[in-house]
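The values are calculated or read from the model by the stated rules, or taken from the named source; none is laboratory data. It should be emphasised that the depicted structure is a prediction, and the values quoted were computed from it without experimental measurement. Every residue, glycine among them, receives a Cβ derived from its backbone with ideal geometry; neighbour counts consider all protein chains shown. Ligands, DNA and RNA are excluded from the accessible area calculation, which covers all protein heavy atoms including side chains. Shrake-Rupley method; radii C 1.70, N 1.55, O 1.52, S 1.80 Å.
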Amino acid sequence: MVTYDDLVMALEDAWLSVGLHEHTLIESFIPATHDRTCKIELFPDHAEPLTLATMPPWLEITFTWSPVHQLISEGRDLPADPLELTLTYTVTLTNHRDRNDVELVRMFQRAVHSAFTHHFPNEVIEIEPVSVEVRRMYQPVEQRVELEAIQLVSATMVDLFEQWEDRDVQSLRRLIRSELQLARTIIANLSETFHSRGNGNYRSVDAA
């Protein structure tokens, strides 16, 4: 059985191998429940300074390491809790304001669907469109507020225990690398869909 550190190291190896870069890594421990949580923000190469106008599509990964996971890693024979990675994709737009919410959501969904088609050509028929939340960010300008940016946010969840049959570190690394390769393709597709005409001047992850 792997440890918490094994999982974090496998994630780091995977995001570096696919050309994503860590901006933030936050770990927390809740003594009352013995839960450890980890949140990682991953970006492709981008222009500096990072602003709303230059922000590329990016990925946040979160997971919780429960007391059951810890006991199993120490050799206890217990039924496994789900070991879930939540992957949240965010696209920030300072253009596309002429598009309505339905158009933006469909553009996002097509980009994700194309990534799944590329990685899982025999399974894509079974994939349902991802849910997408449309957020609007406003700023005060004199006596009024103006739309500053639109954010499209979509979260997916992966239960590693459902796909991780061998229960060893090397197979976990292969599984996580496969998930991050898909994530890289999704980010690249979102970048091409929403930023190909100049909103965000950065190299795509495929060029990293």
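Do the conditions hold for Met55, that is, is it closer than 24 Å to Val134 by Cβ, hydrophobic (A, V, I, L, M, F, W, C) and in contact with a Gly (Cβ under 9 Å, 6 or more places away or on another chain)? Spelling it out, Met55 is indeed closer than 24 Å to Val134 by Cβ, hydrophobic (A, V, I, L, M, F, W, C) and in contact with a Gly (Cβ under 9 Å, 6 or more places away or on another chain). Counting just the residues of region 28-46 that are at pLDDT 95 or above and out of contact with any helix residue (DSSP H, G or I) (no Cβ under 8 Å at 6 or more places or on another chain), which one comes out surrounded by the fewest Cβ atoms within 10 Å (Cβ to Cβ)? So, considering only residues that are at pLDDT 95 or above and out of contact with any helix residue (DSSP H, G or I) (no Cβ under 8 Å at 6 or more places or on another chain), the one surrounded by the fewest Cβ atoms within 10 Å (Cβ to Cβ) is Ser28.
All conditions in (1) open to solvent by less than 30 Å² (accessible area, probe 1.4 Å); (2) over 16 Å from the mean Cα position of the chain (by Cα); (3) of a type outside the set (Asp, Glu) hold for Val130, with the sole exception of (2).
Selection within region 134-165: residues that are open to solvent by 90 Å² or more (accessible area, probe 1.4 Å) and either hydroxyl-bearing (Ser, Thr, Tyr) or touching a strand residue (DSSP E or B) at 6+ places or on another chain (Cβ under 7 Å) (or both). The member of this set that is nearest to Asp98 (Cα to Cα) is Arg136. Checked against the criteria, Ala111 does not count as in a loop (DSSP other than H, G, I, E, B) and among the aliphatic types (A, V, I, L, M).
Here Glu41 meets the list (1) touching a Pro at 6+ places or on another chain (Cβ under 7 Å); (2) under 17 Å from Glu179 (Cα atoms) almost entirely, failing just condition (1).
Within region 141-172, the set of residues being under 17 Å from the mean Cα position of the chain (by Cα) and not hydroxyl-bearing (Ser, Thr, Tyr) comprises Gln151, Leu152, Val153, Ala155, Met157, Val158, Asp159, Leu160.
Residues of region 177-202 that are at pLDDT 95 or above and open to solvent by less than 10 Å² (accessible area, probe 1.4 Å): Leu180, Ala183, Ile186, Ile187, Leu190. If the condition is being among the β-branched types (Val, Ile, Thr) and buried (at least 16 other Cβ atoms within 10 Å of the Cβ), then region 73-109 contributes Thr88, Thr90, Val91, Thr92, Thr94, Val105. Taking the residues in region 47-72 that are open to solvent by less than 30 Å² (accessible area, probe 1.4 Å) and not in a loop (DSSP other than H, G, I, E, B) as candidates, determine which candidate is farthest from Glu179 (Cα to Cα). Top of the filtered list is Ile72.
Count of region 110-127 residues, restricted to those that are open to solvent by 50 Å² or more (accessible area, probe 1.4 Å) and within 28 Å of Ala149 (Cβ to Cβ), is 3.
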